[in-house]
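**Student:** I have a structure I would like to understand better, so I am pasting it below and will then ask my questions one at a time.
The values are calculated or read from the model by the stated rules, or taken from the named source; none is laboratory data. Just so you know, these numbers come straight off a predicted model, no measurement behind them. Here the Cβ positions follow ideal geometry from the backbone for every residue, glycine too, while neighbour counts run over all protein chains shown. To get the accessible areas, we keep the full protein, side chains included, count just its heavy atoms, and leave off ligands, DNA and RNA. Shrake-Rupley method; radii C 1.70, N 1.55, O 1.52, S 1.80 Å.
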Amino acid sequence: MQSEKRLYSILFFCIVGLFVASTCFARYNPFEIFFNLENFQAFIVDDFFPPAIPTGLKLKAIFQGILTTICMALSATSVAAVLAFVTALFASKRVSPIQKSPKFVRGFATFLRNIPALVWAFILFSSLGIGTGVGFIALCISSYAFMVRAFAETIDDISQDNLESLQAAGASFIQVVFHGILPSCLRGFISWFLYCIEVNLRSSTVVGMVGGGGIGLVLLSYLKGFKYNMSFTIILAIAVMVLLVDALTNYLRKELDLE
Amino acid sequence: MEPILTFDHVTKRYGNGVCALKDVSLSVRPGEFISIIGPSGSGKSTLLRSINKLISTTEGNIFFDGENVSALRGGRLRKNRSKIGMIFQNYNLVYNLSVLQNVLHGRLGHMSGIRGILGLYPEEDKEKAWTLLEEMGLEKFCYNKAGSLSGGQKQRVGIARAIIQDPKILLCDEPIASLDPSSAKVIMDLLKSTAQKRGIPCLVNLHQVDVAMRYSTRIIGLHAGEIVFDGEPESLSDSVLERIYGTSVTNLVAGTSDEKDWQQAYAV
C-alpha cells in the first residue's frame, strides 16, 4: 500500500516534469488559449453562428459531398476486407499452409498499419495526383493492414479443433477455408468490418480535405473562402452523418447478435 | 485376414525432445475393436494422429490399405485421409453450421473443384447423411445448428460424419471423455454397433479401463510411448495395469479389472 502510494506520486511528478519539459522544448504557451479566449469566443460566436441554410446548388453540392464520402468509406472498407481475408489466412499461425508466412505477412501488415491513412493520402496524392480514386486507395491500404491483423487474430482465436476434423476427412485447404474457417469466423469478421467502416468514414472526411474529394473538400473550400457560416453547417452535417452511420452499424450489430 | 494397418518400428520425437512414440509395432485387422489405454502423455493421441498424418512420424513406416502413409503428400494424402474416419473428444464440429452440413463434411475428401468449395454435394450423399442421422436418432435435429446440441448428440453427429466417409478404419480420440456416464454408454454402444455392422475396425483411445474391458476385442497399453501390453481384455491383469499406469492398482479409480476388487477399493 505504502509503496503503491509512492509509485503514484513518482508517476505524478514524472508527468508534470514531462509536461514542463515538452512545453519548453516546443516553445509554446499552454495558457495562450486563456489569454485569447475572447478572440476564440468571438470567432465561434460571430463568424460561425448562425449556421447558413444552404439552398439550390449549394445544398446539392453538400449532399453529393456526403454521399461521395460515405461511398468512399464503404467501398474502400469492402475491397480491403476481401483482400484482408485472403491475406489473413497466411497471417494466421494455425491455418497458414506455408509455415513461415505468418511472421512475414504480419510484419508487412504492421508496417502498413503504422502509417496513418492521412500520410498514405499525401504520399499517393503527390505521386498519382488528387481525386476520389486515390483517396479510395489511401483508405484501402490503412484499413487493409488493420483488418489483416484483426482477421488473423479472429482465425487464431477460434478453436483449431474443427479445422482438424475437416483435414482428417481429407478436405483440401480451400475446402477447409470455405467449410470451416468462414462459417465459424464470419461473425468476428463482420464485427471488425463494421468497426472499420466507422473508422474509415471519419478518415475519409479528412482524406477528402487534402484532395480525396467528398464532403471534406467542400468544407475546405468554404473555409478557405472565409464562408464560416456555411462551414459550420457542413460541420454539423458531417456530425449527423457520423452519428447516423454509427447508429446503423450498432443496429446491425444488435440484429446480427454480434455483441 | 490381411492387416489393414501396420506400424513398423514407428518412433515420434517432438522438437522439444519429448519422445511420444518409441519403436511401436502393431497391426490391425478388419473387424477388430481395439482400445488404447495409458496415462495422459503416454502417446495415445500421437499414435492415432500419425495414422492419418495429422502428425508426421520421425522414424519407421506406417502402412495403411497398402500404402506407406509416411511418404504421402498432397492429393494422395487427402485420398488416404478420406478412407480414415476420425472421432474427437471435443466433437470438432463447426457449430455455426447445421447438423446435416456437419455430417456432409465427411464427404469433402471425395469432392474436388468448385463443387467441393461451394459444398454442392451429390443427392445420394445427402440421402446417405439423412439415413445415418436417422440411425443416430438425430433426424429431428437435421437443420438445427450443431452448436445447439447436447454433448452426447454432438458426438453422434461426429460418428455420422466419420461413417459417411465410408472409412476402412475408425479412429476415436477419447470419444467419451467429455460426456456424462449415460451419454458415454450410448456413444460406446453406437460406436460398437455401427462399426461392427459395417465391419470397420476401430481404434479407440480411452481413459476408462472398465469401458475398454467391456467393449474391446483387444487392448493396447501404452506407457511413455512404448507398448507394454497388447492382448485380449481377459489377460489384462492388475500387474499389467500397474505397468501401464506406473502406479499401484489401489491408486486407480475404476482401474481394476475385477468388479469385486473395484468395489472393495471403494469400500476401504
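**Student:** Looking only at residues that are more than 9 Å from chain B (Cβ to nearest Cβ) and either surrounded by fewer than 17 Cβ atoms within 10 Å (Cβ to Cβ) or without any contact (Cβ under 8 Å) to a residue 12 or more places away in the chain (or both) in the stretch A:161-194, which one is nearest to the chain's Cα centre (by Cα)?
**Tutor:** Checked the stretch A:161-194; the qualifying residue nearest to the chain's Cα centre (by Cα) is A:ILE190.
**Student:** Please enumerate the residues belonging to the stretch B:110-131 that are facing chain A (nearest Cβ under 9 Å), outside any helix (DSSP H, G or I) and not hydroxyl-bearing (Ser, Thr, Tyr). Reasoning before the result, please.
**Tutor:** First, pick out the residues of the stretch B:110-131 that are facing chain A (nearest Cβ under 9 Å): B:110-112, B:116-119.
Applying the additional criterion that residues be outside any helix (DSSP H, G or I) yields B:111-112, B:119.
Correct list: B:MET111, B:GLY119.
**Student:** Could I ask something else about it? Among the residues of the stretch B:139-161, what is the count of those that are crowded, with 20+ Cβ neighbours inside 10 Å and not in a helix (DSSP H, G or I)?
**Tutor:** Summing the residues that are crowded, with 20+ Cβ neighbours inside 10 Å and not in a helix (DSSP H, G or I) in the stretch B:139-161 gives 1.
**Student:** Can you tell me which residues in the stretch B:1-29 are of a type outside the set (Ser, Thr, Tyr) and open to solvent by less than 50 Å² (accessible area, probe 1.4 Å)?
**Tutor:** Those that are of a type outside the set (Ser, Thr, Tyr) and open to solvent by less than 50 Å² (accessible area, probe 1.4 Å): B:PRO3, B:ILE4, B:LEU5, B:PHE7, B:VAL10, B:LYS12, B:CYS19, B:ALA20, B:LEU21, B:VAL24, B:LEU26, B:VAL28.
**Student:** Residues in the stretch B:92-109 that are outside any helix (DSSP H, G or I) and facing chain A (nearest Cβ under 8 Å): how many? Step through it out loud before you land on a result.
**Tutor:** The first filter runs over the stretch B:92-109 and keeps only residues outside any helix (DSSP H, G or I), leaving B:92-98.
Cutting the leftovers down to facing chain A (nearest Cβ under 8 Å) gives us B:92-97.
The total comes to 6.
**Student:** Which of the helices (runs of 4 or more DSSP H) found entirely inside the stretch A:53-137 contain at least 2 residues meeting this: more than 19 Å from the chain's Cα centre (by Cα) and either surrounded by 15 or more Cβ atoms within 10 Å (Cβ to Cβ) or among the basic types (Lys, Arg) (or both)?
**Tutor:** Values: elements: A:56-91, A:101-113, A:117-128.
Passing ranges, in order: A:56-91, A:101-113.
**Student:** I'd like the full set of residues that are outside any strand (DSSP E or B), open to solvent by 20 Å² or more (accessible area, probe 1.4 Å) and of a type in the set (A, V, I, L, M, F, W, C), limited to the stretch B:212-228.
**Tutor:** Matches in the stretch B:212-228: B:MET213, B:ALA224.
**Student:** Could I ask something else about it? How do the helices (runs of 4 or more DSSP H) wholly within the stretch A:142-259 filter down when requiring 3 or more residues that are within 30 Å of A:VAL95 (Cα to Cα): which remain? Give the derivation first.
**Tutor:** Values: elements: A:161-168, A:173-176, A:182-207, A:215-224, A:228-255.
Qualifying helices (runs of 4 or more DSSP H): A:161-168, A:173-176, A:182-207, A:228-255.
**Student:** Tell me the residue from B:LEU108, B:LEU120 that is surrounded by fewer than 20 Cβ atoms within 10 Å (Cβ to Cβ) and of a type outside the set (S, T, N, Q), please. Give the steps one after another, and end with the answer.
**Tutor:** Values: B:LEU108 fails: surrounded by fewer than 20 Cβ atoms within 10 Å (Cβ to Cβ).
Matching residue, one of B:LEU108, B:LEU120: B:LEU120.
**Student:** Tally time: how many residues in the stretch B:233-253 are of a type in the set (Gly, Ala, Ser) and either within 22 Å of B:THR217 (Cα to Cα) or in a helix (DSSP H, G or I) (or both)?
**Tutor:** Result for the stretch B:233-253: 3.
**Student:** Please enumerate the residues belonging to the stretch B:162-201 that are in contact (Cβ under 8 Å) with a residue 60 or more places away in the chain, closer than 15 Å to B:PHE88 by Cα and open to solvent by 10 Å² or more (accessible area, probe 1.4 Å).
**Tutor:** Listed by number, the residues that qualify are B:ASP173, B:GLU174, B:ALA177, B:SER178.
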